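The values are calculated or read from the model by the stated rules, or taken from the named source; none is laboratory data. This is a predicted model, so every value here is computed, not measured. Cβ placement follows ideal geometry from the backbone for every residue including glycine, while neighbour counts extend to all protein chains displayed. We work out accessible area using only protein heavy atoms, side chains counted, and drop any ligands, DNA or RNA first. Shrake-Rupley method; radii C 1.70, N 1.55, O 1.52, S 1.80 Å.
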Amino acid sequence: MKDTLLEIKDLNVIYKTYEGTVAAVNGVDFALDRGKTLGLVGESGAGKTTTALSIMGLVPSPPGIIQRGRVTFAGQDLLTLPEKDMKKIRGNRISMIFQDPMTSLNPVLSVGLQISEALVAHQNLSEAEAERKAAEMLEKVQIPGARYREYPHEFSGGMRQRVVIAMALACNPRLIIADEPTTALDVTIQAQVLELMRSLKEEFATAMIMITHDLGVVGEVCDDVAVMYAGRIVEMGSLDQIFGNAMHPYTLGLFRCIPDIEEESSTIHPIEGLMPEPLDLPKGCPFHPRCPQCMEVCRQVVPEACEDNGHRVLCHLFGGGERRA
Amino acid sequence: MLRYFTKRLIFLIPVLLGVSIVIFAIVHLAPGDPAEVMLGPSATQEDIGKLREQLGLTKPLYVQYWIFLTNALKGDLGRSIKSNAPVLEEILERFPATLTLASLGMLFAITVGLPLGVLAALKQNTWVDALCSFFALVGFSIPNFWVGLMLMLLLSITIPILPSSGFDSWKNLIMPTIVLGIQTMAVIARMTRSSMLEVIRQDYVRTARAKGISDRLVLTRHILTNVMIPVVTIAGIYFGHSLGGVVITETIFSIPGLGRLIVDAIRAQDYPVVQGGVLFFALCVGIVNLLVDLLYAVLDPRIKAQYRSAK
């Protein structure tokens, strides 16, 4: 039996800027089961963060507009929910961990207060109870509860990110969206934070969307993987399906970018070209100008998704359930 | 913290010393002879000479300055030539009116300027923003003596609801407060607006929103505390500025404050009062700046930490 927690259908988000309309998210579909972790992979500007902010109801507006789509969380459509009810979900049942721990904590408020305010808002705790619980959360992320009254500048980057994690977990959410939680950290600290997140996720039985451009992170923590390119999910499947049998030329390109430790040569194989200008997406498949297997049809027609055993790919090479090339 | 405070307090000494030299030089290099003024046009050369001797004006300038300085350190700013009363006494007698006026002006500037700036930023690029910004620009551009005269014309003569001069009731304070505070208000409004626009876009504000706390809490706790830091700086600088404005305001509205004391003293060439008054103003500005620095530490824990580590 499927136990879907979050389902996104045909999400379209645009940003209206002075230079024109940016199509940030173009028909994203995915579902996430309770307690599972989905990796959302892609280059900067692929629409990963916008997708996450859409779930949170935090797409900056203006300039952002959610044109159409449905975000169903535990049976509720979040996009049509009044702001008042959305506030009860935000930080409580869905919470978010942001990329840069150096800027995502308020410099003039103590870390304890920043953790406890979500508890006060959502759990009707008194200030004192919230303070006790917040100190407990600090301990959970391996920071002494006694440092409750200290300010962000008194913590290192890795510790600050742990504070942010404590903040996100404070109300025991059903879903955590982690937006590149380790990108801004040192490699050694990355592993630490990732390990902590994984163990806490298990402990709290929380589902997670892990946004990253690091396939190594995905391999570590995710159950499912969705690869985004130019606002679309171009390939999606279980970890094994993507890591064992990647199909989309873009996904294959991403894997080729990872340098092989055992290989003598130190050359890396980047994907040629750049992400298309989001103001001016190419006709047909948005990846075609960079695609090594580009065909005539790719230049004209946007590919339809085809799915096989939960492995979905958006490419003209694959259609009707069989490989054409 | 205390150490830092003491250090800052000691730094005030060279500042005051500098001010004393400058003011002493200006007063004594200005044309005109106080002895002549005191004795009037009918005085003989001999009498004037005698009085000059008596006042110590015949001694070399640096000796005069040294006497002034050593006396000032003992709290003796000399005696007024006009009234013969001790200068310090005259200053302290006039100071409460000036302090009241300056504080009310600042209060007005903050209570009007801050909400105006917040409103403009929250409604960025709408007519509300345009109106607030226009109001701030006008407030900043109009010379305050003109505002004073126009207010007087309107509220004392055309619609006589407020007294045009004196210092007897709260009604006397309304117009001077506006005149004194309007420029600072405008500066605070503009500073608040730009600071708000910067803070609103910060990651930590998004983090706060992502917690699902109320908009009011996001504004007061997360945004305004950060907005206040540059605003306090500006308010501090303009407090000194508005002490200068006190001179004009008190003259227009005939308020018996320190500003008018100095203006009258300049007219009468009552140089001990001018010297003492200006020095006292400098001391006030220095103390206000020190208080602003302390306020930083209250607002921003990072600065507090710096103060702690400052030797």
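Evaluate region B:68-81: report whether one residue or more is open to solvent by 60 Å² or more (accessible area, probe 1.4 Å) and over 30 Å from B:I287 (Cβ atoms).
No; the residues of region B:68-81 include none that is open to solvent by 60 Å² or more (accessible area, probe 1.4 Å) and over 30 Å from B:I287 (Cβ atoms).
So, in region A:54-107, exactly how many residues are at the interface with chain B (Cβ under 9 Å from one of its Cβ atoms), more than 24 Å from A:D33 (Cβ to Cβ) and under 18 Å from the mean Cα position of the chain (by Cα)?
Selection size over region A:54-107: 5.
For B:V118, indicate whether it is open to solvent by 30 Å² or more (accessible area, probe 1.4 Å) and outside any loop (DSSP other than H, G, I, E, B).
no
Condition first: touching a residue at least 60 places away in the same chain (Cβ under 8 Å), in contact with a Ser or Thr (Cβ under 9 Å, 6 or more places away or on another chain) and part of a helix (DSSP H, G or I). Now tell me which residues in region B:139-176 satisfy that.
Once the filter is applied, which keeps residues that are touching a residue at least 60 places away in the same chain (Cβ under 8 Å), in contact with a Ser or Thr (Cβ under 9 Å, 6 or more places away or on another chain) and part of a helix (DSSP H, G or I), region B:139-176 yields B:N144, B:F145, B:G148, B:M152, B:N172, B:L173, B:M175, B:P176.
Looking only at helices (runs of 4 or more DSSP H) that lie completely in region B:215-311, which have at least 3 residues being within 14 Å of chain A (Cβ to nearest Cβ) and either at pLDDT 85 or above or within 15 Å of the chain's Cα centre (by Cα) (or both)?
Helices (runs of 4 or more DSSP H) meeting the threshold: B:225-252.
Which condition number in (1) more than 29 Å from A:K48 (Cα to Cα); (2) touching a Phe, Trp or Tyr at 6+ places or on another chain (Cβ under 6 Å) is the one that A:A134 fails?
It is condition (2) that A:A134 fails.
Can you name every residue in region A:221-240 that is open to solvent by 40 Å² or more (accessible area, probe 1.4 Å) and over 15 Å from the mean Cα position of the chain (by Cα)?
A:D240
Yes or no, residue by residue, for (1) out of contact with any Asp or Glu (no Cβ under 7 Å at 6 or more places or on another chain); (2) open to solvent by less than 10 Å² (accessible area, probe 1.4 Å); (3) farther than 17 Å from A:A166 by Cβ:
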residue: A:K84; (1), (2), (3): yes, no, yes
residue: A:F98; (1), (2), (3): no, yes, no
residue: A:T103; (1), (2), (3): no, no, yes
residue: A:S110; (1), (2), (3): no, no, no
residue: A:I115; (1), (2), (3): yes, yes, no
residue: A:V120; (1), (2), (3): no, no, no
residue: A:E131; (1), (2), (3): yes, no, no
residue: A:A134; (1), (2), (3): yes, yes, no
residue: A:K140; (1), (2), (3): yes, no, no
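Among the residues of region A:108-137, which ones are part of a helix (DSSP H, G or I), more than 9 Å from chain B (Cβ to nearest Cβ), in contact with a helix residue (DSSP H, G or I) (Cβ under 7 Å, 6 or more places away or on another chain) and of a type outside the set (S, T, Y)?
Those that are part of a helix (DSSP H, G or I), more than 9 Å from chain B (Cβ to nearest Cβ), in contact with a helix residue (DSSP H, G or I) (Cβ under 7 Å, 6 or more places away or on another chain) and of a type outside the set (S, T, Y): A:V111, A:G112, A:I115, A:L119, A:E127, A:A130, A:E131, A:K133, A:A134, A:A135, A:E136, A:M137.
Tell me yes or no: at least one residue of region B:202-218 is surrounded by fewer than 21 Cβ atoms within 10 Å (Cβ to Cβ), more than 28 Å from A:I89 (Cα to Cα) and among the small types (G, A, S).
Within region B:202-218, not a single residue is surrounded by fewer than 21 Cβ atoms within 10 Å (Cβ to Cβ), more than 28 Å from A:I89 (Cα to Cα) and among the small types (G, A, S).
Given the criterion farther than 30 Å from B:R52 by Cα, surrounded by fewer than 21 Cβ atoms within 10 Å (Cβ to Cβ) and among the polar types (S, T, N, Q), identify the matching residue among B:T177, B:T98, B:T111.
Step by step, each of B:T177, B:T98, B:T111 is checked, and only B:T111 is farther than 30 Å from B:R52 by Cα, surrounded by fewer than 21 Cβ atoms within 10 Å (Cβ to Cβ) and among the polar types (S, T, N, Q).
State the number of residues belonging to region A:213-228 that are modelled with pLDDT of 90 or more and of a type outside the set (A, V, I, L, M, F, W, C).
Looking only at that region, the number is 2.
Enumerate the pairs (first residue in region A:89-112 and farther than 28 Å from A:L79 by Cβ and at pLDDT below 90; second residue anywhere and surrounded by 24 or more Cβ atoms within 10 Å (Cβ to Cβ) and among the aliphatic types (A, V, I, L, M)) with beta-carbon separation below 9 Å, excluding pairs fewer than 6 apart on the same chain, so at least 6 apart or on different chains.
Correct list of pairs: A:P101/A:V163; A:P101/A:V164.
Would you please name the residue that is nearest to the chain's Cα centre (by Cα), looking only at residues in region A:10-43 that are within 16 Å of A:V218 (Cβ to Cβ) and not in a strand (DSSP E or B)?
Among residues in region A:10-43 that are within 16 Å of A:V218 (Cβ to Cβ) and not in a strand (DSSP E or B), the one nearest to the chain's Cα centre (by Cα) is A:G42.
Which residue out of A:L281, A:L274 is open to solvent by 90 Å² or more (accessible area, probe 1.4 Å) and either within 24 Å of the chain's Cα centre (by Cα) or in contact (Cβ under 8 Å) with a residue 60 or more places away in the chain (or both)?
The match here is A:L274.
Within the bounds of region A:22-39, is there any residue that is out of contact with any strand residue (DSSP E or B) (no Cβ under 6 Å at 6 or more places or on another chain) and surrounded by 20 or more Cβ atoms within 10 Å (Cβ to Cβ)?
Checked against the condition, which is being out of contact with any strand residue (DSSP E or B) (no Cβ under 6 Å at 6 or more places or on another chain) and surrounded by 20 or more Cβ atoms within 10 Å (Cβ to Cβ), region A:22-39 yields no hits at all.
For region A:156-166, give me each residue that is open to solvent by 10 Å² or more (accessible area, probe 1.4 Å) and of a type outside the set (G, A, S).
Hits for region A:156-166 are A:M159, A:R160, A:R162.
Mind checking which residues of region B:220-248 are free of Cβ contacts under 8 Å to residues at least 60 places away in the same chain, of a type in the set (A, V, I, L, M) and crowded, with 17+ Cβ neighbours inside 10 Å?
B:I223, B:I234, B:V247
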